[in-house]
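Below is one structure, written out as structure tokens; the observations come after it.
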Amino acid sequence: MSYPQEFQGIAILDHKEYLHPKKVNFPPKVFGDHDVDIKIECCGVCGSDHHFAKGNWGDVPKPLVCGHEIIGKVVKLGNKCETGVKIGDRVGVGAECFACLKCDRCKSDNEQYCEHQVWTLAKAYDDGYVSKGGFANYVRVHEHFAIPIPDNLESATTAPLMCGGITVFSPLLRNGCGPGKKVGIMGIGGIGHMGILLAKAMGADVYAISRSNAKKEDAMKLGADHYIATKDEPEWNIKYKDTLDLVVICAGSLTDIDFNKLPMIMKIGGHIVSIAMPDATEKVVLHPLGLLGVSVSNSAIGSRKEIIQLLKLASEKNIKPWVETLPIGENGVGEAFARMDTGDVKYRFTLVDYDEEFST
Ligand code: NAP
Ligand code: ZN
């Protein structure tokens with residue numbers, strides 16, 4: 001195989017034109033001793049790609065190559081790689097591609113909170129190079145973030161676990177989701193639908209919480225035991241009072257979440273964890289008298305150790321996110337973002353057919 005000096009990707013060049021991305025060549029970052037190159041097979045499209053592409057979190061350097069739910073094969077290894085990863089291994093990469101791995105946060109399996117971490121897209125390394133994600137033929141990442149995929153998992157349905165899946169799995173794990181616990185998943189989109197699958201696989205009694213009844217049938221098929229429609233059922237806070245041990249908010253925006261009502265359905269000592277990262281202008285107001293002994297926190301992705309645990313669970317319990325595939329390319333990426341604008345996806349897009357789009 002001829003080895004390309006430049007990678008190729010499908011990039012946003014102007015936030016206003018996010019529905020019309022363009023194919024571009026770009027230089028990869030300087031190859032480090034612990035880096036691996038991965039030839040990409042497929043990549044999920046996360047709500048965060050959509051936010052980035054639209055400019056919801058501000059203007060970011062261009063070309064903006066989105067994509068951080070990557071599965072591919074390792075084609076190049078740095079000469080100090082020590083995780084055991086080998087050429088030809090099938091690996092996954094999520095939203096993080098670098099951390100210092102020396103600080104207290106990294107050493108306690110919290111590298112997603114490392115102050116030196118680099119996201120897989122649109123974030124500058126110390127040398128100023130801005131990371132480029134998985135809507136591309138190759139990605140170059142630190143070996144720590146290239147995680148082996150168990151053989152029995154299909155690539156297209158596993159890709160979304162690398163960001164969306166781990167983002168809901170980590171707070172479920174850290175807040176005691178399991179048998180005997182009543183766990184709510186609020187916002188049934190890409191991440192929320194994986195939350196239902198995972199909370200159920202972990203043994204909890206699962207409450208799917210959506211704004212309307214439109215997703216009820218799907219939520220029950222995914223394994224939910226109960227369904228709450230907050231807009232169609234105005235008295236939900238009374239009906240489910242003192243019920244839940246844990247809620248993970250998986251919404252793309254918080255504007256339709258009633259933070260006066262939500263704490264009322266929690267047991268005393270319950271946990272509400274938000275993974276939402278909405279439009280930078282959104283503010284949440286918590287009424288102090290409404291808190292009722294409930295803790296409210298947030299959470300970012302998950303550590304390598306947790307991703308390995310998630311993939312093991314998916315492999316053992318045959319967990320398959322509901323995926324619609326689209327061919328990678330200017331049209332495929334544009335269609336994914338356009339349909340995400342109207343919530344027209346059940347429930348995650350995975351971009352496929354990379355060999356057809358890219359010649360190397
Ligand atoms: P998604 O597929 O677009 O799903 C978002 C869901 O949010 C929708 O299906 C909808 O569920 C609900 N929703 C939409 N608008 C809402 C509003 N105005 N008020 C309340 N709920 C609303 O997105 P996703 O990929 O699941 O991502 C969700 C969020 O997680 C995004 O903000 C993304 O940036 C963030 N994220 C965070 C992390 C992290 O590490 N913390 C990692 C990845 C992504 P219903 O129709 O069921 O109500
Ligand atoms: Zn993501």
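Just a few scattered comments:
- Those strands (runs of 3 or more DSSP E) of the range 34-104 in which at least 1 residues are crowded, with 19+ Cβ neighbours inside 10 Å and within 13 Å of ligand 1 (Cβ to nearest atom), considering only elements entirely within it, cover 35-45, 96-98.
- Qualifying residue in the range 159-178 (condition: in contact with a Lys or Arg (Cβ under 8 Å, 6 or more places away or on another chain) and over 24 Å from Val345 (Cα atoms)): no
- Listed by position, the strands (runs of 3 or more DSSP E) inside the range 201-286 whose residues that are on the phi > 0 side of the Ramachandran plot number at least 1 are 266-274.
- Test result for Ile191, closer than 19 Å to Val345 by Cβ, near ligand 1 (Cβ under 10 Å from one of its atoms) and in contact with a strand residue (DSSP E or B) (Cβ under 7 Å, 6 or more places away or on another chain): no
- The residues listed here are Pro4, Pro21, Pro63; of these, the one that is in contact with a Leu (Cβ under 8 Å, 6 or more places away or on another chain), more than 29 Å from His193 (Cα to Cα), touching a residue at least 24 places away in the same chain (Cβ under 8 Å) and more than 16 Å from ligand 2 (Cβ to nearest atom) is Pro63.
- First in the range 298-324 and closer than 19 Å to Ile188 by Cβ and in contact (Cβ under 8 Å) with a residue 12 or more places away in the chain, second anywhere and part of a helix (DSSP H, G or I) and charged (D, E, K, R), Cβ under 8 Å, 6 or more apart: Ser299/Arg174; Trp322/Asp218
- Counting the residues of the range 18-33 that are assigned to a loop (DSSP other than H, G, I, E, B) and either of a type in the set (Ser, Thr, Tyr) or farther than 26 Å from Lys346 by Cβ (or both) gives 8.
- Within the range 228-280, the set of residues being of a type in the set (S, T, N, Q), within 16 Å of ligand 1 (Cβ to nearest atom) and more than 21 Å from the chain's Cα centre (by Cα) comprises Thr230, Asn237, Asn260.
- Members of the range 105-114 found to be within 16 Å of ligand 1 (Cβ to nearest atom) and under 19 Å from Gly32 (Cβ atoms), listed by number: Glu111, Cys114
- Number of residues in the range 150-195 that are in a loop (DSSP other than H, G, I, E, B) and crowded, with 24+ Cβ neighbours inside 10 Å equals 4.
- Qualifying position, being away from ligand 2 (no atom under 16 Å from the Cβ), in a strand (DSSP E or B) and among the hydroxyl-bearing types (Ser, Thr, Tyr), among Ser315, Ser297: Ser297
- Checked against the criterion of being in contact with a helix residue (DSSP H, G or I) (Cβ under 6 Å, 6 or more places away or on another chain), under 23 Å from Gly78 (Cα atoms) and not β-branched (Val, Ile, Thr), the candidates Ala146, Ala124, Ala99 yield just one match: Ala99.
- Some residue of the range 279-289 being modelled with pLDDT under 95, surrounded by fewer than 19 Cβ atoms within 10 Å (Cβ to Cβ) and in contact with a strand residue (DSSP E or B) (Cβ under 7 Å, 6 or more places away or on another chain): yes
- Of the residues making up the range 173-188, those that are within 13 Å of ligand 1 (Cβ to nearest atom) and aliphatic (A, V, I, L, M) number 3.
The values are calculated or read from the model by the stated rules, or taken from the named source; none is laboratory data. Only a predicted model underlies this, so the values are computations on that prediction, with no experimental measurement involved. All Cβ positions, even for glycine, are placed from backbone atoms using ideal geometry, and neighbour counts span all protein chains on display.
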